[in-house]
Amino acid sequence: MRLMNLRPQRPLAVLLALLPFIALLLLYMTASDARLAENPNDKLLPSMQSMVDAVQRLAFEEDRRSGEYIFWSDTAASLQRLLIGIGISASMALLAGVLLGTLPLARAVAGPVVAVVSMVPPLAILPILFIVFGLGELSKVVLIVIGTAPVMIRDMTQRVLDLPPEQAIKLQTLGGSSWHLMLRVVLPQVLPRLLSVIRLCLGSAWLFLIAAEAIAATEGLGYRIFLVRRYLSMDVILPYVLWITLLAWVMDLGLRKTSQLMFPWFHAGQERNA
């Protein structure tokens, strides 16, 4: 039997997925124990207990100055910025993608602009955003939008262009207008693809968010990581990085499950083609 035809059963697939993480954890614990045995004050690879203590302090003990639980206030601030930015980008991508993909005239006018803007490194214009929009929440949200919206628009436009042209021909034969084409033919078919492109852009959105928070913020996951780096507080940095990774994974999983529930026909077609 060829390897390409071997499909592991569900329990085996879960075990195989967990093996790399278990190996990394064991490797870290071994290296940490070795370094701490040589130097108990080593900060590069803190012990698991020290990281648990740091999380306990930040998540379940009130800050003396603000009275807040720092871990959760940082999480709330970052998620608010991220969700607003992604929400705006997704809305722009859906609207612009449908228009550019359906109307050749709109594509001729706005397509080159979107293509050029998508090539601009978002982090390179971060200082400009701070100058124009200030150091508040707006500049961070704008950075996420600039970093993700053009890419999402190009992807959605291409998804519309990939639809069978026979659908548009049949609709026009039946007397349908451009609006009918966009609302009744294109929109239902690209909605599940919108959730897919959001999933693909989540990693980039987190990157832009952390970068913006590291430079100018008073709270947030990225702000906290760069605040404690001056003290080499790896017992705080590593749990925060793991928490960001977990949040991103949960968001990705939630989008995938939402897509499966809302558009089962789309995923059924993907499974047949797999």
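The values are calculated or read from the model by the stated rules, or taken from the named source; none is laboratory data. Computed from a prediction, not measured in an experiment: that's the story for all the values here. No Cβ is skipped: glycine too gets one built from the backbone with ideal geometry, and neighbour counts run over all protein chains shown. To get the accessible areas, we keep the full protein, side chains included, count just its heavy atoms, and leave off ligands, DNA and RNA. Shrake-Rupley method; radii C 1.70, N 1.55, O 1.52, S 1.80 Å.
Each row is one residue, and each column tells you yes or no for (1) within 21 Å of ILE210 (Cα to Cα); (2) open to solvent by 80 Å² or more (accessible area, probe 1.4 Å); (3) touching a Lys or Arg at 6+ places or on another chain (Cβ under 9 Å); (4) modelled with pLDDT of 90 or more.
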position	(1), (2), (3), (4)
GLY111	no, no, yes, yes
VAL117	no, no, no, yes
VAL141	yes, no, yes, yes
MET156	no, no, yes, yes
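When the range 220-234 is filtered for residues that are modelled with pLDDT of 90 or more and either under 10 Å from the mean Cα position of the chain (by Cα) or open to solvent by 30 Å² or more (accessible area, probe 1.4 Å) (or both), the ones remaining, listed by number, are TYR223, ARG224, PHE226, LEU227, MET234. Evaluating PHE21 against the criteria (1) modelled with pLDDT under 85; (2) open to solvent by 90 Å² or more (accessible area, probe 1.4 Å) leaves one unmet condition, (1). Looking at the range 31-48, which of its residues are surrounded by fewer than 16 Cβ atoms within 10 Å (Cβ to Cβ) and of a type in the set (A, V, I, L, M, F, W, C)? ALA31, ALA34, ALA37, LEU44, MET48 - these are the residues of the range 31-48 that are surrounded by fewer than 16 Cβ atoms within 10 Å (Cβ to Cβ) and of a type in the set (A, V, I, L, M, F, W, C).
State which residue is farthest from GLN49 (Cα to Cα) when the search covers only the range 236-251 and only residues that are open to solvent by 40 Å² or more (accessible area, probe 1.4 Å) and not polar (S, T, N, Q). By that ranking, first place goes to MET251.
Scanning the range 119-138 for residues that are over 22 Å from the mean Cα position of the chain (by Cα) and not in a helix (DSSP H, G or I), we see that the one that is surrounded by the fewest Cβ atoms within 10 Å (Cβ to Cβ) is GLY134. Of the residues making up the range 29-45, those that are in contact with a Leu (Cβ under 7 Å, 6 or more places away or on another chain) and modelled with pLDDT of 90 or more number 3.
Among helices (runs of 4 or more DSSP H) entirely within the range 1-106, having at least 1 residues that are closer than 23 Å to VAL141 by Cβ and within 28 Å of the chain's Cα centre (by Cα) singles out 70-102. Inclusion of ARG229 among residues that are without any contact (Cβ under 8 Å) to a residue 60 or more places away in the chain and in contact with a Lys or Arg (Cβ under 9 Å, 6 or more places away or on another chain) is not warranted. Filtering the range 188-215 to residues that are over 18 Å from the mean Cα position of the chain (by Cα) and either at positive phi or open to solvent by less than 10 Å² (accessible area, probe 1.4 Å) (or both) leaves only VAL190.
Table: residues versus (1) surrounded by 14 or more Cβ atoms within 10 Å (Cβ to Cβ); (2) touching a residue at least 12 places away in the same chain (Cβ under 8 Å); (3) among the basic types (Lys, Arg); (4) closer than 18 Å to TYR231 by Cβ.
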position	(1), (2), (3), (4)
LEU15	no, no, no, no
LEU26	no, no, no, no
SER50	yes, yes, no, yes
ASP63	no, no, no, yes
TYR69	yes, no, no, no
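Taking TYR223, is it in contact (Cβ under 8 Å) with a residue 12 or more places away in the chain and of a type in the set (Phe, Trp, Tyr)? Considered against the rule, which asks whether it is in contact (Cβ under 8 Å) with a residue 12 or more places away in the chain and of a type in the set (Phe, Trp, Tyr), TYR223 comes out as yes. Of the residues making up the range 158-187, those that are open to solvent by less than 80 Å² (accessible area, probe 1.4 Å) and under 23 Å from ALA205 (Cβ atoms) are ARG159, VAL160. A Cβ distance below 9 Å, combined with a sequence gap of six or more or placement on separate chains, defines the contacts here; from the range 248-267, residues that are hydroxyl-bearing (Ser, Thr, Tyr) reach residues that are modelled with pLDDT under 90 in the pairs SER259/PHE266; SER259/HIS267. Assess whether SER204 counts as being within 22 Å of MET156 (Cα to Cα), modelled with pLDDT of 90 or more and in contact with a Pro (Cβ under 7 Å, 6 or more places away or on another chain). No; evaluated as a whole, the condition is false for this residue.
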